[in-house]
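Report on the structure given below.
The values are calculated or read from the model by the stated rules, or taken from the named source; none is laboratory data. Note that the coordinates shown come from a computational prediction; the quantities given were computed from them, not determined experimentally. Note that each Cβ is placed from the backbone with ideal geometry, even for glycine, and that neighbours are counted across all protein chains shown. Please note that ligands, DNA and RNA were not included when accessible areas were found on the heavy atoms of the full protein model with its side chains. Shrake-Rupley method; radii C 1.70, N 1.55, O 1.52, S 1.80 Å.
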Amino acid sequence: ANHRVIRKTLDESGIRLQSDQASPIVVERGRDVSGYAVGALADATWAAAAGSRQSSGLLVLTDDRRLLDYNTRRGLNLLSVDGADRWAQPTTMAAYSGNLYVVDSSANQILRYAATDNGYAEPAQDWFALSQPRNLSGAVDIAIDGSIYVLYGTGRLDKFMRGDKETFSLEGLAQPLQQTVALYADVDDEAK
């Protein structure tokens, strides 16, 4: 609601939060980053160092299609993303194996960006083949563990492997999911 990301650190026990040593605000709307006044924050995801991505960090997408990268060593930086100005309606994103995946729900496509030295400056690849039927309207989050899981606000969850939709169902729930907003998947586990 306040369009800010706050960083808190756990103490040695891993249970309690440490007292703030400095301002805990990592990024907020209006902050200047390399001459860019940060817009409203739209989504955030953790990107682990992998492939051409040299260090782990938090990626933050703004509503004006800018991508910020935060890590504790370098601070906050503006990254280059090829073609972001052409996105129709970016709704959510995830990182996996150093790559960035952006859901463009109006275009019914997931765009895959490979990491480059200054962000994601090479053209995106369409993750879905053009002939594959899909409807990403209403997508609120994605998670990746080798497969891509797309979560919709209605509680529906689709699973895709190499662009093909796979049979997947949520079992053992006391009641169906409703008004969902977030999803998590671990590369060594299934969607959670």
Zone reached by a paramagnetic label modelled 7 Å from residue 64 Cα along Cα→Cβ, restricted to the range 1-17 with backbone N below 12 Å, covers none
Net lengthening on full extension, residue 74/residue 137 (0.36 nm per residue, minus Cα-Cα): 19.1 nm
Simple label model, 7 Å out from Cα along Cβ direction - residue 187 to residue 173, nm: 2.8
Rank-order 150-162, 95-107 by packing density, defined as the average count of other C-beta atoms within 10 Å over each peptide's residues, highest first. 95-107, 150-162
Quick note, the chain: a/c under 1.5 would make it rounded; otherwise a/b > b/c is prolate and the rest oblate (a ≥ b ≥ c, C-alpha gyration tensor); here it is oblate
Karplus-derived 3J(HN,Hα) from phi for the range 105-117 (6.51 cos²θ - 1.76 cosθ + 1.60, θ = phi - 60°), whole Hz, x at Gly and Pro, runs 5, 5, 8, 6, 9, 9, 9, 10, 10, 7, 5, 10, 4
For the range 45-163, dividing by residue count, accessible area per residue (probe 1.4 Å) in Å² works out to 44
Whole-percent carbon and sulfur contribution to the accessible surface of the chain (1.4 Å, no ligands, DNA or RNA) stands at 45
Using heavy-atom solvent-accessible surface (probe 1.4 Å) with all chains present, what is the largest-first order of 171, 122, 12, 28? 12, 171, 122, 28
As a test question: what accessible area, to the nearest 10 Å², does residue 69 have when a 1.4 Å probe is rolled over all protein chains in place? 0
In the range 25-82, which trypsin sites (Lys or Arg not before Pro) fall in coil by DSSP and have 12 or fewer other Cβ atoms within 10 Å? 73, 74
Per-residue accessible area, 1.4 Å probe, largest first, puts 10, 61, 78 in the order 10, 78, 61
